[in-house]
Each structure stands twice: as structure tokens, then as C-alpha cells.
1. Quick check on my filter: what residues within the stretch 62-85 are touching a helix residue (DSSP H, G or I) at 6+ places or on another chain (Cβ under 8 Å), farther than 20 Å from residue 14 by Cα and either within 14 Å of the ligand (Cβ to nearest atom) or assigned to a loop (DSSP other than H, G, I, E, B) (or both)?
2. Tell me, please, whether a residue that is away from the ligand (no atom under 16 Å from the Cβ), under 15 Å from the mean Cα position of the chain (by Cα) and modelled with pLDDT under 85 can be found in the stretch 113-129.
3. Please identify the pairs in which a residue from the stretch 1-16 that is farther than 14 Å from residue 96 by Cβ has its Cβ atom under 9 Å from the Cβ atom of a residue that is loosely packed, with under 12 Cβ neighbours inside 10 Å and at pLDDT 90 or above, counting only partners at least 6 apart or on another chain.
4. Within the stretch 37-61, work out how many residues are within 16 Å of the ligand (Cβ to nearest atom), surrounded by fewer than 24 Cβ atoms within 10 Å (Cβ to Cβ) and within 20 Å of residue 88 (Cβ to Cβ).
5. Please determine whether any residue of the stretch 86-100 is under 11 Å from the mean Cα position of the chain (by Cα) and in a helix (DSSP H, G or I).
Ligand code: FES
């Protein structure tokens with residue numbers, strides 16, 4: 001990873017936005033990545049604005065990789081005020097925002113965020129490679145999924 005990208009990631013991590021679980025979310029998506037064991041959960045809350053249902057706020061929890069956390073921080077800001085359709089139309093590189101182009105070995109970090117977004121906004125069409133894991137009840141954080149799996153919650157890592 002080049003120094004400029006590393007600096008941009010560190011800048012995003014110095015003031016991460018929208019970290020943590022959200023109570024009363026309208027939609028929740030969770031994905032795991034078999035390549036590195038990274039997991040990410042995204043909570044989304046909608047509001048009515050000018051006759052449209054737009055994203056009021058999105059928050060996330062993540063394990064591990066700094067790039068995924070930086071992308072999730074930027075992406076949760078980027079999707080604010082967008083409809084679900086507009087948010088889903090964003091490309092992987094757009095979600096990475098000001099981080100700029102990611103090196104090939106880090107593209108899957110942004111895809112993890114994209115997968116969580118799809119899982120939350122369009123669960124029936126979530127990417128096959130990044131599998132939706134569960135839809136937890138409100139108040140369940142990502143760590144709970146590992147330490148206290150509930151009946152019916154399935155963690156499946158794909159090749
Ligand atoms: Fe796997 Fe970043 S290294 S999500």
C-alpha cells in the first residue's frame with residue numbers, strides 16, 4: 001500500500017464516523033469475508049424527505065482491517081440523504097470516497113462495506129460471495145454474534 005493511501009486511511013481512522021450499533025434501525029446487514037475473517041455489520045435508519053424515503057443515518061461495527069473501517073466510515077456519510085436505490089447504485093470505488101483508488105489487495109475491503117450495504121438495503125439480492133449472515137434483533141452487537149450465537153444464526157464463510 002502506498003504512503004499516500006496509508007495517510008488517507010489513517011486520517012479517516014483518526015476521526016471515524018458512525019461507529020457503533022444503532023437501536024431502532026429499519027434495516028441491518030451483516031457480511032463476512034472468508035479471505036481474511038473480516039466481518040462488518042451495518043445499521044440503516046430511514047426518514048421521509050420531500051416525499052421520498054431517504055437514509056437518515058447509517059452506522060457500522062467491524063472487526064479487523066483498517067481499510068474496511070475507513071471505507072465504512074466514509075460510506076456511511078456518503079449514503080446519508082440518498083434513497084436505497086441511489087445508495088445501491090454507488091460503485092465500490094465510490095464508496096471508498098476520498099480514499100481514492102484502492103490497490104487490488106484492498107478492493108475486497110470496500111466490497112465488504114458494499115456487501116453489508118446490499119445486505120441491509122436489498123437482502124434478497126445480496127452478493128453471493130459476501131454472504132448475509134443474519135438479521136439480528138435490535139441491541140445485538142457484532143461481537144454477540146461470535147460469542148453468543150443465537151439459535152437460527154448461521155456463520156458461513158464461502159470460498
Ligand atoms: Fe480483509 Fe480489509 S483486509 S477486509
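1. Correct list: 79 only.
2. Within the stretch 113-129, the first condition is being away from the ligand (no atom under 16 Å from the Cβ), and the residues that meet it are 120-126, 128.
Among the residues that remain, those that are also under 15 Å from the mean Cα position of the chain (by Cα) are: 120-123, 126.
This time we only want the ones that are modelled with pLDDT under 85, so: 123, 126.
Looking through the stretch 113-129, at least one residue is away from the ligand (no atom under 16 Å from the Cβ), under 15 Å from the mean Cα position of the chain (by Cα) and modelled with pLDDT under 85.
3. Final answer for the pair search is 2/103.
4. Selection size over the stretch 37-61: 0.
5. yes
The values are calculated or read from the model by the stated rules, or taken from the named source; none is laboratory data. These figures come from a predicted structure and were not determined experimentally. Every residue, glycine as well, gets a Cβ built from its backbone with ideal geometry; the counts of neighbours run over all protein chains shown.
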